[in-house]
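Engineer: I have a structure I would like to understand better, so I am pasting it below and will then ask my questions one at a time.
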Amino acid sequence: MADSGAAARTLPVLNAPIGHDSAPRHVSGEALYIDDIPEPRGLLHLHVGQSARAHARVTKLDLTKVRAAPGVVAVLTPVDIPGKNDISPFAGDDPLFAEGEVKFMGQALFAVAAETLPKARAAAALAVVEYEDLPPLVTAGAALAAGERIEPTQVMKLGDARAAVAAAPHSLAGHLNVGGQEHFYLEGQVALVVPGEGGDLHVWTSTQHPTETQHILARVLACPDAAVTVEVRRMGGGFGGKETQSVQWAAMAALAALKTRRPAKIRLDRDDDMVMTGKRHDFEVDWELGFDGEGRLKGAAFELNSRCGFSADLSHAINDRAMFHADNAYALQAAEIVSHRSRTHTVSNTAFRGFGGPQGMIAIEQALDAVALSLGRDPFDVRLANLYGVSGDLTPYGQTVTDSVAREIMLELAENCDYRARRAAVAKWNATNDHLKRGLALTPVKFGISFTTTHLNQAGALVHVYTDGSIHLNHGGTEMGQGLNIKVAQVAADAFKVPLSAVRITSTRTDKVPNTSATAASSGSDLNGMAALNACRMIQERLAAFALETYGAAPVYTPDGVRLGDQLMPFKAFVNAAYLARVSLSAAGFYKTPDIHYDRATHTGRPFYYYAYGAACSEVVVDTLTGENKVVRVDILHDVGRSLNPAIDLGQIEGGFIQGMGWLTTEELVFDAKGRLTTHAPSTYKIPTAGDRPDVFNIAIWRAGENREDTIHRSKAVGEPPLMLAISVFCALTDAVASVGGHRVMPNLDAPATPERLLAAMADVRSRAGG
Ligand code: MTE
Ligand code: MOS
């Protein structure tokens, strides 16, 4: 108390609920986003000319008036590209500017670089474009029927599912449409490129993938990777939407900078961003389950079809993850998972929090609700009976689940939130209220952690210890609000037992840590935390040799300083002494996830190092006259292993849940028959607001949580899994709809469960249930 300085020094840094390092700066406005960087002299502003057709041959592209317009310095088209006109992550099918044929409405045809943004925009409108229309394939269903896909249909198999379903005492089949989702990051796509000498480029961009940005820019510009430096201090949200789809804008700005020798900036406005960048894939799912009289599964078959858009982007891996999570937390016994990846004339869909997992997972949850309803059992009991660890442990891809804690979490949550009593109360309410119906559901999440493309599971870090005892921390991960930087800083501070303030968080840069993976798959802190720890350990090894030689004792790092035998030395004095003895105080750390492998040809292996688990119980109330609804109470129990930072993790759980709730309730993407996205602004696309937050919202981190694998301080990834906890909202809405038919017939409810869909589903249930 008397010596607050000493108290602060001895506070543990690891596992502590420390606020986000940027939080005060976010609030004060001091946090720098790319559009806040003071504009360099001579800056050019870019605006993109877009295709007005979803599918057409471009018969004329006359840019004469565009070039002559006031303030225009350059107009960029494919002929200006010195390298390849391709910004795809691997498939070679994503042109920077369309050539000859346009494949979605909003596709970039050219870009104008002008003295001001209004001038660039006005000039772009002067383009004369003529098209010869071709028929567009807009939906996944239409593309599948036409045989248009981005790769052959993939199949994952465990045993003979169709035979198991046929032999089971009961079976059910159903169909579910699951909508896509716009990322709606607050900071839109933006990049600033400043040319240096000798063709060097410095690129500030809002991306989850600095290395891929660097590599693709080098490919487009036909220059070495080493000429391009990409820097990211932070993103104002990414959510998967800046894993690949940030690259196009950086490439345009880089092309303009290279051509004009002037700095160039591009910043999409919201409507353009929504039209020109990909979203979560929407899916159509057919399912079939065989089960016994207690609702225990005997076999399951799923046929998934997703709208990939005009190019592959990351659709291979995203659809793979949908297959990986078709089982959610349940042992299917026998499984057949067929996955079609349909190529449509719409914007190329991309990564979005959960990466296909949510779309795969929701079908089994709806199917288990149908099983429970058909048997007159509580869906909670049917779920419990089928969990990994209860009824089996083999996944459809041959990985054995050894770490399932779903049952423990579900039981603890059910107890804490009084599930059984509330189930009875909801039934009573529904029996006595005609207009307002309640629904309740408790669902689990099991989410596989690791990039399923095995080589991506690597990371690097760069740590410098300066002679004043301060530490410069750099790693390959990017900060998008998820708290990665503070977590890795905690790891580094803990390694040397210095206060967190001694560790300086810095921008992610491709010239400091090279050849990194995207910050994605929730693996940011798992990978970069380990790489940073590895760098700290390397410096500590050198310091240990020095201390043994100089002081005759190995150093022990403590919050009070470095203990060397009987001696206690301030950290600063110790590292300064090491410097004078010519010890290197800088190290590049590295980490690769052990023990994972996957054979994509057979869809078997151990793609995941471990699983993250959680469960949520949601209660909703639905107005049967209007379809309006409210999530009135949510209880969550989520496993983050031994939390590196419970404050950050709670934020991720809350934010992920709300984002998932938006996906399944109010966020609706509508493409018209011509392929035009009609919901391209917040006026027509509704994300959740503070008012949609459940009145009662209890979130707890599972106390018993501990990673059984040797992850960074036994923590677990948290970025994506909580989004899927919101499936409980969808199931609760289904429950409320079913109540209007006395739970005699299963509702046909698609996602998002908008008021219109709820109203239609209730009318349908009433008619099928016979009034
Ligand atoms: N949280 C915030 N605030 N903003 C984001 O953009 N992205 C999510 C998740 N949480 C995101 C977020 C996604 S899609 C992923 S994959 C992870 O964060 C990435 O970060 P991590 O690997 O460090 O968890
Ligand atoms: Mo997250 S969808 O893996 O960027």
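The values are calculated or read from the model by the stated rules, or taken from the named source; none is laboratory data. Everything numeric here is computed off the predicted structure, so don't read it as measured data. Cβ placement follows ideal geometry from the backbone for every residue including glycine, while neighbour counts extend to all protein chains displayed. Calculation scope for accessible area: heavy atoms of the full protein, side chains included, ligands and nucleic acids excluded. Shrake-Rupley method; radii C 1.70, N 1.55, O 1.52, S 1.80 Å.
Engineer: Extension gain Ala573-Ala647, at 0.36 nm per residue separation less the Cα-Cα distance, in nm?
Structural biologist: 23.3 nm
Engineer: Now for a different question. Pairs of Cα atoms under 8 Å, at least six residues apart: use those to get the relative contact order of the range 421-554, whole percent.
Structural biologist: Here the relative contact order equals 26 percent.
Engineer: For Ala173, what is the net charge nearby, where nearby means another residue's Cβ is under 15 Å from its Cβ and Lys, Arg count +1, Asp, Glu -1? Walk me through the numbers before you get to the answer.
Structural biologist: Numbers: positive: Arg162, Lys298; negative: Glu284, Asp286, Glu288, Glu303, Glu336, Asp369.
Net charge in that neighbourhood comes out at -4.
Engineer: Starting from the eigenvalues of the Cα gyration tensor, five times each then square-rooted, give me the equivalent ellipsoid semi-axes of the range 564-718, largest first, whole Å. If you can, show how the numbers build up before the last one.
Structural biologist: Working: eigenvalues 414, 107, 79 Å².
Over the Cα atoms of the range 564-718, the ellipsoid semi-axes are 46, 23, 20 Å.
Engineer: Students often get this wrong, so check it: of Lys157/Lys298; Lys686/Lys716; Lys84/Lys265; Lys592/Lys716; Lys103/Lys242, which have C-alpha atoms separated by over 26 Å?
Structural biologist: On the way: Lys157/Lys298 14 Å; Lys686/Lys716 32 Å; Lys84/Lys265 21 Å; Lys592/Lys716 16 Å; Lys103/Lys242 21 Å.
Result: Lys686/Lys716 exceed 26 Å.
Engineer: Can you put Arg262, Arg420, Arg693, Arg280 in order of accessible area, largest first, using a 1.4 Å probe?
Structural biologist: On the way: Arg262 60, Arg420 125, Arg693 95, Arg280 5 Å².
The ranking, largest first, comes out as Arg420, Arg693, Arg262, Arg280.
Engineer: May I pose another question? Sort out for me the Cα centre separation of the range 303-330 from the range 147-200, rounded to whole Å.
Structural biologist: Using only Cα atoms, the two centres lie 3 Å from each other.
Engineer: Right, something else. Let me have the 222 nm mean residue ellipticity of the chain computed from DSSP H runs of 4+ only, each contributing -39500 (n - 2.57), with the sum over all residues rounded to the nearest 500. It would help to have the intermediate numbers written out before the result.
Structural biologist: Values: 20 runs with 232 residues, N = 771.
That comes out to -9500 deg cm²/dmol.
Engineer: Also, I was wondering about something else. Rounded to the nearest 0.05, what FRET efficiency is calculated for Thr467 and Asn15 with R0 set to 35 Å and r the Cβ-Cβ distance? The partial results should precede the final answer.
Structural biologist: Details: r = 30 Å, r/R0 = 0.85.
Result of the calculation: an efficiency of 0.70.
Engineer: Given an 8 Å cut-off on Cα distances and at least 6 residues of separation, report the relative contact order of the chain as a percent.
Structural biologist: Working: 1944 pairs, mean separation 114.8, N = 771.
The value is 15 percent.
Engineer: Using only the alpha-carbon atoms of the range 214-351, report the extent along each of the three principal axes, biggest first, to the nearest angstrom.
Structural biologist: Sorted largest first, the three principal extents are 73, 30, 27 Å.
Engineer: Please compute the length gained on full extension between Asp35 and Phe697, using 0.36 nm multiplied by the number of residues separating them and subtracting their Cα-Cα distance. The partial results should precede the final answer.
Structural biologist: On the way: separation 662, 0.36 × 662 = 238.32 nm, distance 3.51 nm.
Stretched out fully, the Asp35 to Phe697 stretch lengthens by 234.8 nm.
Engineer: So, one more: Report the label-to-label distance for Arg377 and Ala588 in nanometres (one decimal), using points 7 Å from each Cα along the Cα→Cβ vector.
Structural biologist: Label-label distance for Arg377 and Ala588, simple model: 5.7 nm.
Engineer: Could you order Glu294, Glu288, Glu628 so the one with the most accessible surface comes first? Probe is 1.4 Å.
Structural biologist: Numbers: Glu294 85, Glu288 55, Glu628 105 Å².
Listed by decreasing accessible area, they come as Glu628, Glu294, Glu288.
Engineer: Given bins 20 angstrom wide, list per bin the percent of all Cα-Cα distances in the chain, short to long.
Structural biologist: With a bin width of 20 Å, the distribution comes to 16, 47, 31, 6, 0.
Engineer: Using alpha carbons only, how many angstrom separate the centre of the range 7-69 from the centre of the range 471-486?
Structural biologist: Between the Cα centres of the range 7-69 and the range 471-486 lies a distance of 18 Å.
Engineer: What FRET efficiency comes out for the pair Asp595/Thr626, r = Cβ-Cβ distance, R0 = 60 Å, nearest 0.05?
Structural biologist: Numbers: r = 53 Å, r/R0 = 0.88.
Step by step, r from the Cβ atoms, then E = 0.70.
Engineer: Rank these by accessible area, largest first, 1.4 Å probe: Thr626, Thr432. Present the calculation step by step, with values, prior to reporting the outcome.
Structural biologist: Values: Thr626 55, Thr432 105 Å².
Sorted descending by solvent-accessible area, the residues read Thr432, Thr626.
Engineer: Something else about it: So what is the accessible area of the chain per residue, in Å², with the probe set to 1.4 Å?
Structural biologist: Values: 27700 Å² over 771 residues.
I get 36 Å² per residue for this part.
Engineer: How are the C-alpha pair distances of the range 420-550 spread across 10 Å bins, as whole percents from the shortest bin up?
Structural biologist: Result, from short to long distances: 11, 31, 20, 11, 11, 10, 4, 1, 0 percent.
Engineer: Additional query: What's the carbon and sulfur percent of the chain's accessible surface, probe 1.4 angstrom, rounded to a whole number? Don't skip to the answer; put the middle values down first.
Structural biologist: Details: 14720 of 27700 Å².
Carbon and sulfur together cover 53 percent of it.
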